[in-house]
1. Give the number of residues within segment 211-230 that are more than 14 Å from His255 (Cβ to Cβ), in contact (Cβ under 8 Å) with a residue 60 or more places away in the chain and of a type outside the set (Ser, Thr, Tyr).
2. Only residues in segment 300-317 that are of a type in the set (A, V, I, L, M) count as the first member; pair them with residues that are assigned to a helix (DSSP H, G or I), Cβ under 6 angstrom, at least 6 apart or cross-chain, and list the lot.
3. Any chance segment 87-97 includes a residue that's at negative phi, more than 30 Å from the chain's Cα centre (by Cα) and surrounded by fewer than 18 Cβ atoms within 10 Å (Cβ to Cβ)?
4. Filter segment 526-549 down to the residues that are of a type in the set (S, T, N, Q) and under 18 Å from Ala123 (Cα atoms) and list them by number.
5. Which numbered condition trips up Asn187, out of (1) over 17 Å from Gly406 (Cβ atoms); (2) buried (at least 20 other Cβ atoms within 10 Å of the Cβ); (3) in the same structural domain as Ile381 (by TED's automatic domain parsing); (4) among the polar types (S, T, N, Q)?
6. Please give the number of the condition Pro10 fails out of (1) closer than 23 Å to Asn728 by Cβ; (2) more than 25 Å from the chain's Cα centre (by Cα); (3) in a loop (DSSP other than H, G, I, E, B).
7. If you scan segment 121-140, which residues turn out to be of a type outside the set (A, V, I, L, M, F, W, C), assigned to a loop (DSSP other than H, G, I, E, B) and either surrounded by fewer than 16 Cβ atoms within 10 Å (Cβ to Cβ) or in contact with a Ser or Thr (Cβ under 8 Å, 6 or more places away or on another chain) (or both)?
Amino acid sequence: MRREGRARTPPDNAPLKLKKVKSKAAGIAAIASSAVHGLTKMGPVKTVKTLRTVNQLEGFDCPGCAWPDPEHRTAFEFCENGAKAVADEAMKANVTPEFFQKHSIQSLAEMSDYELNRFGRLASPVVLEKGASHYTPITWDEAISTIATALNSTSSPDRSVFYTSGRTSNEAAFLYQAFVRAYGTNNLPDCSNMCHESSGKGLEPTIGIGKGTVTLDDFNHADVIMVIGQNPGTNHPRMLTALRDAKNAGARIIHVNPLPEAGLARFKHPQDYMKGRLKSTKLADMHLAVRIGGDAALMKGLIKTQLKHGAIDMGFIDQKTEGYESMIASATSTSWSDIVSDSGLTQDQIEHAGEWLANSTATIACWAMGLTQHRNGVAVIQEVVNLLLMNGHVGREGAGFCPVRGHSNVQGDRTVGIWEAPTPEFMEKMEKGLGFSLPKNHGYDVVNAIQAMLDGKVDVFFCMGGNFLSATPDTDATATALRNVGLTVQVSTKLNRSHLVTGHRALILPCLGRTEIDVQELGEQFLTVENSMGQVHRSRGGLKPASQALRSEPWIVGRLAEATLGNDKINWMHTVADYDRIRTLMAQSLDGFEHYNQRVRDTHGFALPNPPRDSQSFDTPTGKAHFTTHPLPDVSVAEDQYVLMTLRSHDQYNTTIYGLHDRYRGVHGHRRVLFMNADDMVKRGWKSRQSVNITSHFNGETRHAENWLLVPYDIPTGNLAAYFPEANTLVPLHSTADVSNTPTSKWIVCTLSTAETTGLEEE
């Protein structure tokens with residue numbers, strides 16, 4: 001008889017050790033951390049082999065972030081957290097059927113996410129039968145047949161949902177979406193729905209493309225770089241090298257974030273030691289400690305300051321834009337008192353930053369989830385667009401927009417068709433290329449997919465990578481949703497919590513990782529990815545697969561499509577036999593992918609078309625960039641309430657926990673911590689390591705999480721921060737951004753109370 005596994009992360013009873021907050025990123029500590037993770041998980045030989053080939057021209061793309069590679073590579077083209085990601089994927093330990101025979105899902109669910117990840121690579125397919133407590137072995141043929149039968153038994157294709165993580169290659173993602181649409185649905189939610197969906201929705205109507213407009217080289221020509229709502233030192237560490245080089249070339253850097261971050265204070269490139277360079281580089285020239293949710297007010301203030309200094313390119317505005325006068329009227333009518341109150345900054349601070357921008361001939365604006373995961377996420381990104389358009393900072397060397405993506409191919413997945421709401425133009429091109437009709441109705445995004453599962457409208461949930469339960473908001477609701485489904489399927493490399501909270505039946509299908517050799521019927525294959533700046537390039541793993549039973553994602557998709565649909569529309573396994581055949585289909589079906597097989601074999605791959613960057617042209621209905629108008633959002637809360645945002649520790653990438661330390665923030669051995677302003681703690685009579693309970697509030701609903709240890713930190717008064725996935729249970733499912741429907745993980749209204757005990761948290 002199955003006992004349901006714990007959905008929330010278990011209580012953290014480990015001791016919390018607090019050390020001095022770091023004021024410098026990387027350096028010797030990063031070298032040591034990389035070495036420890038490599039040697040303990042892979043051994044010395046594999047460590048050297050993998051780290052010398054990651055991000056190299058004939059090597060594999062890092063399975064971590066999507067930061068672009070420079071044209072001229074060093075011998076070691078990786079960062080500390082990239083080394084962790086590689087070691088994590090290439091580790092020697094395996095999760096075998098014998099492991100699952102020993103461990104029930106209930107017992108595994110009582111382990112931390114860190115412990116689950118340390119067990120190693122999934123070695124063979126397993127099934128959790130209805131009512132069973134343990135996964136048991138299943139053959140690939142049986143697994144594929146089980147899924148195909150379930151898909152063909154639904155009353156409608158729309159009763160199946162197909163999720164995608166951002167680590168899926170272009171080839172796998174394209175074939176996957178072709179299968180799903182041939183099957184008859186656009187239910188293709190993906191991780192973009194939870195992070196940069198707001199960026200796409202903000203940029204597309206204003207500049208005509210839902211991507212950034214800069215290249216890596218632009219950083220070397222910028223006068224000012226704004227880094228907004230982002231912690232590159234942990235989440236995109238190789239970006240620090242680009243910022244260092246920009247500083248050396250004369251750029252000023254403005255960091256906008258509630259918390260100061262070591263990665264934007266000072267940076268020491270680990271490879272500098274080999275060149276005899278011992279000094280670190282100061283990166284951020286200014287830190288604007290904006291209140292959570294105060295970015296829109298800051299942008300209004302910066303716009304007002306541009307007007308004050310006459311920093312306006314009227315030639316560009318008249319020829320290339322529309323909506324300027326309305327935008328200016330909105331900015332000028334916004335009072336400085338409201339701007340100061342909402343932002344938490346002084347007028348002098350804002351005007352000082354604004355003066356730097358006014359004197360800049362080339363400005364880059366970078367941002368991440370600190371902007372996107374708010375109710376006004378789309379609107380505040382459009383305010384960033386307003387700010388840069390005023391002086392024509394787009395399609396100019398050293399200037400433009402830079403939404404920094406997370407997963408290594410999350411941008412590529414969307415480009416090739418992982419999209420629940422495709423445009424008619426996109427679908428028309430796809431139909432011509434594939435040669436058959438596709439469904440036109442929009443499908444479920446992540447939030448709507450969860451709600452559909454809660455409502456009993458989903459029979460099959462297929463997850464192409466990722467850790468859906470831990471990545472999504474409202475953990476309890478998501479768990480209930482998954483448990484409502486007849487069959488859940490996880491294509492994975494490592495064990496995670498989504499394998500323990502399942503539908504009535506569940507399958508785990510182990511796949512090859514980015515580091516491993518991929519051999520198909522016609523020989524060894526390579527894959528392709530798209531980085532944050534729209535460059536498409538090859539990735540070829542060089543390691544022997546962790547298990548002979550592993551299969552590639554394209555192979556899994558092809559076998560499943562063949563078993564479900566037959567070969568009338570596409571000869572699926574013939575196509576999978578040589579990935580050039582997939583790329584030929586892509587060239588026929590996607591704008592910008594012409595001569596794909598030829599161009600991707602160029603040394604550095606190729607850049608996809610980007611009209612704002614390439615020709616200062618804008619693919620909008622009017623052919624012009626659009627200024628937009630937005631009122632300031634309501635950022636007020638009750639006197640006894642705080643605003644909480646979720647973030648990552650330094651030993652984590654997305655939902656994967658590599659270790660139990662957050663070295664830069666001085667937190668060691670414990671993850672259930674709550675960062676709080678020291679003055680706020682004094683007001684409550686609380687001390688460091690005080691145990692508190694958190695209650696979030698949304699539309700009359702409450703959600704509770706017990707026993708969090710307080711850590712005094714340099715964060716604005718009234719603001720709090722905590723790690724995800726632990727804090728995801730506090731994020732309401734339907735608290736989402738306007739237009740994009742992105743969960744508001746950076747705006748959680750909550751109250752705190754003293755914890756009565758340090759006992760277990762009840763679900």
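The values are calculated or read from the model by the stated rules, or taken from the named source; none is laboratory data. Note that the structure is a prediction, hence the values are computed from the model and not measured. Quick reminder, even Gly has a Cβ in these numbers, built from the backbone with ideal geometry, and neighbours come from all protein chains shown.
1. 10
2. What qualifies is Leu302/Gly354; Leu302/Leu387; Ile303/Ala331; Ile303/Leu387; Ala311/Ala358; Ile317/Tyr324.
3. yes
4. Ser547, Gln548
5. (3)
6. (2) is the only condition that Pro10 fails.
7. Of everything in segment 121-140, those that are of a type outside the set (A, V, I, L, M, F, W, C), assigned to a loop (DSSP other than H, G, I, E, B) and either surrounded by fewer than 16 Cβ atoms within 10 Å (Cβ to Cβ) or in contact with a Ser or Thr (Cβ under 8 Å, 6 or more places away or on another chain) (or both) turn out to be Ser124, Pro125, Glu129, Lys130, Gly131, Ser133, His134, Thr139.
Residue by residue, here is whether (1) modelled with pLDDT of 95 or more; (2) touching a Pro at 6+ places or on another chain (Cβ under 8 Å); (3) among the charged types (D, E, K, R) holds:
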residue: Lys683; (1), (2), (3): yes, no, yes
residue: Leu710; (1), (2), (3): yes, no, no
residue: Tyr713; (1), (2), (3): yes, no, no
residue: Thr736; (1), (2), (3): yes, yes, no
residue: Ser740; (1), (2), (3): yes, no, no
residue: Glu761; (1), (2), (3): no, yes, yes
